Structure formats: structure tokens, C-alpha cells
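Values quoted throughout were computed directly from the atomic coordinates according to the rules given, and no laboratory measurement underlies them. Here the structure is a predicted model, which means the values were calculated and not measured. Note: ideal-geometry Cβ built from the backbone for every residue, glycine included; neighbour counts use all protein chains shown.
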Amino acid sequence: MTSNQNILLSHGSGGKLSHDLIGGLFVKYFSNDHLDAQTDSAILGLSQKNIAFTTDSYVVDPIFFQGGNIGKLAVCGTVNDLAVSGAKPLYLSCGFIIEEGFPMDDLETIVKTMAEEAKIAGVKIVTGDTKVVNRGKCDKIFINTAGIGEMEEDKKHISFGTNVEDGDKIIINGSVGDHGIAILAARESLNFKSEINSDCVALNGLIGDALNIIGGIKFMRDATRGGIATVLCELAKSKKLGISIDEKNIPVKEIVKGTCEIFGFDPLYLANEGKVVMVVSQKDADHILKVLQAHPLGKESAIIGEITGSNPGKVLMQTEVGGRRIIDMLAGEMLPRIC
């Protein structure tokens, strides 16, 4: 492939250019024993454990931003969906929809990033698909990734929050709103005195450490679109329990706070791509917090609230100025095409 080559419609035809693209780019970076066979379906040797399966599509605009790109987002987002379910991520698929004329150099950067992130997360990209559409029929590139992981029987309750009860503590592994503000900055060409990076990262290593504390974690969710507020509102409503959080304990970078004040955003509703909301047992909360804080991705971890028996179905926040505020589900979209 020449460095100045662009994607052509023929790259999606299934002919020679398609084979050149697959062999010269995707297999080059994603190479593993499953993918190299290039069969219509990857044949995976899975254990007799429970299987977790997820899929997500990524349409972020812009496709390159401070701290990542659409490819990093596609790998980390799907790995995290598996990890917060209590599963060990193993395999990913990836589907590309590419606009005619898309620069080959940009595509290689995206694919190379995906390979690097998959290696960091300890997963394999084992199958995929590429389609090319006419110029103007797609906004540069869209990516779909699906993921498979294995789950121990004693972790099945985590996705459902079956064991959540009054007195449980709520933990976040770091500052909120970083991804949303990083995308806003890239989209609007904002110049900050200090750069804000997306928090896009695979969390399965951090979560794996915390899961070693048997029975401690009762619920997890990654706070992507809709932010931590939406995660907490969904949990309160589904479990018919109350949630109380304390604003002063929620980590938010000053640059995020300042930008939110200018644009009228609320950091609780901004998307994150490297933050997990955990509900943990009261007796294990301090232990789990220390484990998270010992990991590079959890240094800023904090207990931000608790499950309560009062105000069932509602999330109440103690504000920094001393009042109480009801946290509602996000209505509408604060920042479209955020992931």
C-alpha cells in the first residue's frame, strides 16, 4: 500500500483490492491463529463457563481526539462492556463501514491503535468485515465491535444488581466528564491552557483486581453516554431503592468544571470512556477502594455515595453549597456522536 492511497469503492467489492486491504492492513495488525485462518466464522475454543456477549457501534465525531481515536474507542468500549458485567473479555470482532476517499494512512493509524489496545487488554480480534460506501454516504468511518467473554457462575449477579441492598457503597474510579470535554474541545477547536485528554481506556485489568475480593462487588456499569447520573438513575429505578451521593466526593477536574460552566453542561451527565460505577458491600468498601487506588487506572477512586432505603427510585445529591438536589435521567442528548 502506498502512503498516499485513499479508500476506493473497489476496496469493498470482494475482489483483489478487498483482499489486498484485508491482508495488507487488517491481518497485518490483528494477526492471530483464529483470524489468520480467514474463515467465514472464527472457531473459538471456549470453556464450559457462562459466556458474555456484547456489541456496540462507534460513530464518534471527530474520529481523532486528544487521548484516542475511533479505533481505540471501539476496542476499549466493548472490552469495558464485558468487564463491567463481571466477565473476562477474550475475543472481539470488528466491522468497518468506510467512506470512499477515506485516507489509507488514517485507516492504518486506526487499525494499528486497535491492535495495540487489544494487546494491552489481552483480547484477540478474531473476525471482521469491511464495507465501502459512496462518497457522501457515510461520515468518514463507522466501526462496530462485538465481544465475547467468559464468566464465573458467582459473577452472574453483577449485571443485574440482584444483591444490591440498603447500606451498600457507591465507588467511581476517577474524575468524570473527561471524554465528553475532550470530544467537545476537538469538535469546536477549543484551545485550553492545559490539555484535557479523553479517559478512553480498557478497564478489565482494574476490574479484575477488584473482583478478586470475593462477594464485594454487587453491581457495575461503565458510565458512557448519559454519564454517572444516568447509571445511578437506572439502578435506583430498577431496584426500587434510593441512592444518595455527595457532590464534594465526586472527582471532577477543574478544566471540566470550568468548561461545563461556560457551555451550561453538567459533568454528571457527560460521557466517560474509562470510568466504572461500582456498588459494593459496606463491609468490603474500604478494601475495594484501596485495591482500586493501587492500580494506575484507579488512583483517584472515591466513595461517592450509598444505597438507601429512603426515597425509593430516586437519586438525591448533597450539593457542595449545602442543599439537596434530585438527579433525574438525562433528557435529550448533551453532546451527540460522543462515542
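Quick one: Cα centre-to-centre distance for region 281-339 and region 66-115, in angstrom?
If we compute the Cα centre of each part, the gap is 28 Å.
Compute the angle between helix 70-83 and the longest alpha-carbon principal axis of the chain, please, reported from 0 to 90 degrees and rounded to the nearest 10.
That works out to roughly 50 degrees.
Considering only the chain, what is the antiparallel percent among its DSSP beta bridges, to the nearest 5?
Approximately 75 percent, going by the DSSP bridge assignments.
Once you place label points 7 Å from the Cα toward the Cβ at ILE262 and ARG324, how far apart are they in nm?
3.6
Helix-only estimate, please: 222 nm mean residue ellipticity of the chain, summing -39500 (n - 2.57) across DSSP H runs of length 4 or more and dividing by its residues, to the nearest 500.
It comes out at -8500 deg cm²/dmol, rounded to the nearest 500.
Residue separation times 0.36 nm, minus the C-alpha to C-alpha distance between ILE214 and GLU153: what's the value?
20.7 nm
Which whole-Hz couplings ³J(HN,Hα) result when phi for each residue of region 90-106 is put into the Karplus expression 6.51 cos²θ - 1.76 cosθ + 1.60, θ = phi - 60°, listed in order with x for Gly and Pro?
Along region 90-106, the couplings run 10, 10, 10, 10, 9, x, 10, 10, 10, 7, 3, x, 5, x, 5, 4, 5 Hz.
In whole angstrom, how far apart do the alpha carbon centroids of region 229-254 and region 38-63 sit?
When both Cα centres are located, 30 Å separates them.
What Kirkwood Rh does region 285-339 have if only Cα atoms enter the pairwise 1/r average? Answer in Å.
Working: mean 1/r = 0.0687 Å⁻¹.
That comes to 14.6 Å for region 285-339.
I'd like the antiparallel share, as a percent to the nearest 5, of DSSP beta bridges with both residues in region 9-155.
On the way: 21 of 30 bridges.
Bridges in region 9-155 that DSSP calls antiparallel: roughly 70 percent.
Put a dot 7 Å past each Cα toward the Cβ at LYS137 and SER189; how far apart are the dots in nm?
Each label point is offset 7 Å from its Cα along the Cβ direction, giving 3.1 nm.
Over all directions, how big on average is the projection of the convex hull of the alpha-carbon atoms in the chain, in square nanometres?
Averaging across all directions leaves 17.9 nm² for the Cα convex hull.
Against the globular-protein guess of 2.2 N^0.38 Å, express the Cα radius of gyration of region 9-155 as a ratio, rounded to two decimals.
1.05
Please list 212-220, 85-93 highest first by mean number of surrounding beta-carbon atoms within 10 Å per residue.
Final packing ranking: 85-93, 212-220.
Quick check on my link table: of LYS124/LYS275; LYS248/LYS299; LYS137/LYS275, which ones sit more than 25 Å apart, alpha carbon to alpha carbon?
Table pairs above 25 Å Cα-Cα are LYS137/LYS275.
Given H placed 1.01 Å from N in the peptide plane, which residues other than close sequence neighbours of LYS140 have an amide H under 5 Å from its amide H?
Result for LYS140 returns GLU99.
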